[in-house]
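*Asks:* Shown below is the structure under consideration.
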Amino acid sequence: MADKLIFELVSPSALLASEEVDMVVVPGADGDFGVLAGHAPVLSNLRAGVVDIHNDGQVTKSLFVEGGFAEAADGRCTLLATKAQDVADISADDASARLTTAQEAGAAADENGKAAAAQEVTVAEAMVFAASNRAA
Amino acid sequence: MANLKELKTRISSVKSTQKITSAMKMVAASRLKRAQEAAEAARPYAERMERMISSILENTAATEGGSKLLAGTGAEDTHLIVVVTSDRGLCGGFNSSISREARNRIRDLQVAGKNVKLLCVGRKGRDQLKSEFNDNILETYEGIGRSGVTFDEADEVANQIIGMFDSGEFDVCTLVYNKFVSAITQVVTPQQIIPVEINVAKETTKGDEAPASEGPIATYEYEPSEQEILSELLPENLKIQVFRALLESSASEHGARMSAMDNATRNAGDMIDGLTQTFNRTRQAKITSELIEIISGAEAL
């Protein structure tokens, strides 16, 4: 097996994960990308989506992040995410409820609130998607 | 000698005050511990964010002026001061030292002919500045950190600041808060957050991990682009700075309250000792004088 890399997930209130993994698939703003040990140094924005942690050819953990930043360098991959949670903890009902609220808020929002509401809709959509895809 | 009864009630009232202050001290001590842990937990995020920003700044030093948050508006006419205090009192000089600093700052700026706007986090700061600068206070946030400071609260304050900055309401933004040094020491710290002070880059390269990553830093790839990352990273950094200030301030508040209440408890103890002594003396004097009266009465017969 190839070398491992250190994966870290940090939120403003805590260091959520710090472990050795084989590969991390990160939802970058321009598309998902996998990070293996020895990856070239990269800085990227994240979109709302699922971070998959691979070990021994299998996804061992999936985490949902609502945007943030990723840095890969020196055999480590650091994610800065304002909000993150285990995909297994997402309730499909909660996610779709959030989407509905977000869509309603988007419809009611004025010019200034539009962007924020659209952002919230994107996050909620990604959450619903993550919840529905989890079993597969 | 009706005085004896008065002394007794006095002693019992001081005793109950002492009970209250010592209970408040205990509460403050346990809150302080939690607040301190929260402040420490927030550190990794802030450190990594600073590292990212400094690595981008090193690469994009030439393209300065891309973001207003970084370069400022080019003017310094209107200053926004964010005054971070607590909602509740009984914490020694915690709030008054902040408002003193804020007041001095406002006066200096006004003398220099600048406009000053105020954003108060915490009710006490607003109360203390209201009499003099009521017209300058734009908004007050209350109830922050009642059950521990959360990132959402910092987010709300920071979004307000960014919103105001984007609509050109001010040029320079400074946070004034108590930095936590230890349970008995808090330092009033003014920190400029807009435009971002350049020493951010210098400070972080001195960090412990810097030597190892010094080489590859220059060769980062940026996805989608440096400017786009920077445009998201800078507001995020601002939120973190606000979050940090709130955390520091909350830890300081509990520390200050703890030592204030410790003093109060000790003072109450001294007072009780003094009062008890007076009480005993008065009682003895009373007994003595009653004896003399009885004896002299008996002799007269």
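Every number here is computed from the coordinates shown, using simple stated rules; none is lab data. Quick caveat: nothing in here was measured; it's all calculated off a predicted structure. Neighbour counts are summed over all protein chains in view; Cβ atoms, including those assigned to glycine, are modelled from backbone coordinates with ideal geometry.
*Asks:* Other chains' Cβ within 10 Å of B:243-250 residues: what's the mean?
*Replies:* Mean inter-chain Cβ contacts per residue within 10 Å come to 1.
*Asks:* Provide the percentage of antiparallel DSSP beta bridges, counting only those with both residues in the protein assembly as shown; round to the nearest 5.
*Replies:* Numbers: 48 of 72 bridges.
In the protein assembly as shown, approximately 65 percent of DSSP beta bridges are antiparallel ones.
*Asks:* HN-Hα J couplings of the stretch B:256-261 from phi, Karplus 6.51/-1.76/1.60, θ = phi - 60°, integer Hz, Gly and Pro as x?
*Replies:* So the J values, rounded to whole Hz, are 5, 5, 4, 6, 5, 6.
*Asks:* Using the Kirkwood radius over Cα pairs, work out the Stokes-Einstein diffusion coefficient for the stretch A:5-87 at 10 °C and 1.306 mPa s, in µm²/s as a whole number.
*Replies:* Roughly 130 µm²/s, to the nearest whole number.
*Asks:* Starting from the Cα of A:Lys4, draw a straight line to each of the lysines and keep only those under 26 Å, dropping any in the same chain fewer than 8 residues away.
*Replies:* A:Lys4 reaches A:Lys61, A:Lys83.
*Asks:* Compute and list, largest first, the equivalent-ellipsoid semi-axes of chain B from the alpha carbon gyration tensor, each √(5λ) rounded to a whole angstrom. Walk me through the numbers on the way to the answer.
*Replies:* Values: eigenvalues 655, 96, 37 Å².
Those come to 57, 22, 14 Å.
*Asks:* For the stretch B:34-189, what is the percent of antiparallel DSSP beta bridges, rounded to the nearest 5?
*Replies:* Bridges in the stretch B:34-189 that DSSP calls antiparallel: roughly 25 percent.
*Asks:* Average projected area of the Cα convex hull of the stretch B:142-202, in nm²? Provide the component values of the computation, followed by the final result.
*Replies:* Details: hull surface 23.5 nm².
In nm², the orientation-averaged hull projection of the stretch B:142-202 is 5.9.
*Asks:* Let me ask you something else. For the protein assembly as shown, what is the calculated [θ] at 222 nm in deg cm²/dmol (nearest 500), taking -39500 (n - 2.57) for each run of four or more DSSP H residues and dividing by its residue count?
*Replies:* After summing the helix terms and dividing by residue count, I get -18500 deg cm²/dmol.
*Asks:* Would you tell me the mean number of C-beta atoms belonging to other protein chains that fall within 10 Å of each C-beta in B:34-45, as a whole number?
*Replies:* Neighbouring Cβ atoms belonging to other protein chains average 3 per residue here.
*Asks:* Under 5 Å between amide hydrogens, which residues at least 5 positions from A:Phe33 or on another chain qualify, with H placed 1.01 Å from N in the peptide plane?
*Replies:* Excluding prolines and chain starts, which carry no amide H, the hits are A:Val26, A:Gly28.
*Asks:* Treating cross-link reach as a plain straight distance, find the lysines whose alpha-carbon is under 26 Å from the alpha-carbon of B:Lys15, omitting any fewer than eight places away in the same chain.
*Replies:* B:Lys5, B:Lys25, B:Lys286
*Asks:* I've got another one for you. Using r as the Cβ-Cβ distance of B:Glu290 and B:Ala23, and R0 as 45 Å, what FRET efficiency do you calculate, to the nearest 0.05?
*Replies:* 0.65
*Asks:* Against the empirical 2.2 N^0.38 Å scaling, what ratio does the C-alpha Rg of the protein assembly as shown come to?
*Replies:* Values: Rg = 29.4 Å, N = 437, 2.2 N^0.38 = 22.2 Å.
Scaled against compact globular proteins, the figure is 1.33.
*Asks:* Take every DSSP beta bridge with both residues inside chain B and express the antiparallel ones as a percent of the total, to the nearest 5.
*Replies:* On the way: 9 of 25 bridges.
Antiparallel bridges: around 35 percent, rounded to the nearest 5.
*Asks:* Given axes a ≥ b ≥ c from the Cα gyration tensor, I'd like to know whether the stretch B:20-101 is rounded (a/c under 1.5), prolate (a/b larger than b/c) or oblate.
*Replies:* Values: a/c = 5.75, a/b = 1.78, b/c = 3.23.
It comes out oblate by the Cα gyration axes.
*Asks:* What order, most packed first, do the peptides A:35-45, B:104-114 have when packing is the mean number of other Cβ atoms within 10 Å of each residue?
*Replies:* A:35-45, B:104-114
*Asks:* Please work out the FRET efficiency for the pair A:Asp89 and A:Phe129, using the Cβ-Cβ distance as r and a Förster radius of 22 Å; give the result to the nearest 0.05.
*Replies:* So, using R0 = 22 Å, E works out to roughly 0.90.
*Asks:* Let me ask something else about it. Given 37 °C and 0.692 mPa s, how large is the Stokes-Einstein diffusion coefficient of the stretch A:90-133 in µm²/s, with Rh as the Kirkwood radius over Cα pairs?
*Replies:* Approximately 319 µm²/s, per Stokes-Einstein.
*Asks:* Taking amide H positions as placed 1.01 Å from N in the peptide plane, with prolines and chain starts having none, which residues 5 or more places from A:Lys61, or on another chain, fall under 5 Å of its amide H?
*Replies:* A:Ile53
*Asks:* Taking θ = phi - 60°, what integer Hz values does the Karplus form 6.51 cos²θ - 1.76 cosθ + 1.60 yield along the stretch A:54-70, in sequence order, with x for Gly and Pro?
*Replies:* For the stretch A:54-70, the Karplus-derived couplings read 9, 9, 6, x, 10, 6, 9, 7, 10, 10, 9, 10, 9, x, x, 9, 10 Hz, x marking Gly and Pro.
*Asks:* Among B:165-174, B:270-279, A:76-85, B:119-128, how do they line up by average Cβ neighbours within 10 Å per residue, starting with the highest? Don't skip to the answer; put the middle values down first.
*Replies:* Values: B:165-174: 17.3, B:270-279: 13.8, A:76-85: 21.3, B:119-128: 22.9.
Highest-to-lowest ranking by the protection proxy: B:119-128, A:76-85, B:165-174, B:270-279.
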